[in-house]
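Trainee: There's a structure below that I have some questions on.
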Amino acid sequence: MTEVTRFPLAEEVGFEPTVPVDTAVFETARFGRSRTPPFASLQRSTRGTPGSDTTRWREPSTVRLMTEEGNDERFMRAALELAAVAASHEDVPVGCVLVLDGVVVGAGENRREIDQDPTAHAELVALRDAALSLPGWRMDSVTAYVTLEPCVMCAGALLNARVSTVVIGAMDEKAGAVGSRYNVLSDPRLLHEVDVYYDVLAKESSELLRTFFRTRRP
């Protein structure tokens, strides 16, 4: 079993789980540079990869993303820059960029405090930004790069926008909805499923969060 970088952020971002969950059941499997969340807790059929019985294997998507692996860090660094902007206005440092055909079409940082808007998480800000330039609300070929695992609200928004892929930096084991607490983007009971990849610049994402709280708490 390989480890996924996790960051317990529920109290800071305003989410407190009410149902105890044994996080030990959330094992991950590596294939190439991707980390895929478990699906055994969901009633679904699986197709195994070498060395794994629980990992969904989508050859076309994985091959495409592996050829673009060099871009993952570049776009995640752009999201990290936005996260730093969030910290500058006293918001929890989370950033998100939306990419279509190698071009950033939407970007946003967490703005909940500065805007006093409970929905102004980085992902929603980026989705609204992209909606201004794209011809429609469907973002079927868009990849989202987000520095922290999306919460339930943001995962639902990404799902409803029909994004094709989500690339995550650090995991949020207390409030994350893309593998830690829930698997919103990989639930076969919903109308859309998203390819998800983990641990891209996870250490940088986690350190930015730790620094933010370390300097604001004795």
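The values are calculated or read from the model by the stated rules, or taken from the named source; none is laboratory data. The model shown is predicted, which means the values in this text are computed figures rather than measured ones. Backbone-built Cβ (ideal geometry, glycine too); neighbour counts: all protein chains shown. Just the protein is used for accessible areas: all its heavy atoms, side chains included, with ligands, DNA and RNA removed. Shrake-Rupley method; radii C 1.70, N 1.55, O 1.52, S 1.80 Å.
Trainee: Express the relative contact order of segment 166-215 as a whole percentage, based on alpha carbon pairs under 8 Å and six or more residues apart in sequence.
Mentor: 43 percent
Trainee: Could you let me know the centre-to-centre spacing of segment 173-188 and segment 102-117, using Cα atoms, in angstrom?
Mentor: 21 Å
Trainee: Another question about this same structure. Per 0.36 nm of contour for each residue apart, how much would the distance between PHE213 and ASP140 grow if the chain were fully extended, relative to their Cα-Cα spacing?
Mentor: Working: separation 73, 0.36 × 73 = 26.28 nm, distance 3.57 nm.
Stretched fully, the PHE213-ASP140 segment lengthens by 22.7 nm.
Trainee: Run the numbers on segment 102-191 and let me know its relative contact order in percent, using alpha-carbon pairs under 8 Å that are six or more apart.
Mentor: 23 percent
Trainee: Taking θ = phi - 60°, what integer Hz values does the Karplus form 6.51 cos²θ - 1.76 cosθ + 1.60 yield along segment 175-192, in sequence order, with x for Gly and Pro?
Mentor: Values per residue, Gly and Pro as x: 9, x, 10, 10, x, 7, 9, 9, 10, 4, 7, 10, 9, x, 6, 9, 7, 9 Hz.
Trainee: Which residues among segment 113-142 fall inside the zone where the amide N is under 17 Å from a point 7 Å beyond the Cα of LEU191, along Cα→Cβ?
Mentor: 136-141
Trainee: Another question about this same structure. Mind listing which trypsin sites (Lys or Arg not before Pro) in segment 183-212 are in a DSSP loop and have 15 or fewer other Cβ atoms within 10 Å?
Mentor: Numbers: sites: ARG189, LYS203, ARG210; in loops: ARG189.
Sparse-neighbourhood loop trypsin sites (Lys or Arg not before Pro): ARG189.
Trainee: Let me ask something else. First compute the accessible area of segment 146-218 with a 1.4 Å probe, then give the percent of it belonging to carbon and sulfur atoms.
Mentor: Its accessible area is 55 percent carbon and sulfur atoms.
Trainee: What shape does segment 65-123 have by the C-alpha gyration tensor, where a ≥ b ≥ c are the square roots of the eigenvalues, rounded means a/c under 1.5, and otherwise prolate means a/b greater than b/c and oblate the rest?
Mentor: Numbers: a/c = 3.41, a/b = 2.20, b/c = 1.55.
Judged from the Cα gyration tensor, segment 65-123 comes out prolate (a/c at least 1.5, a/b above b/c).
Trainee: Compute the length gained on full extension between ARG77 and THR119: take 0.36 nm times their separation in residues and subtract their Cα-Cα distance, giving the result in nm to one decimal.
Mentor: Contour length minus the Cα-Cα distance gives 12.8 nm.
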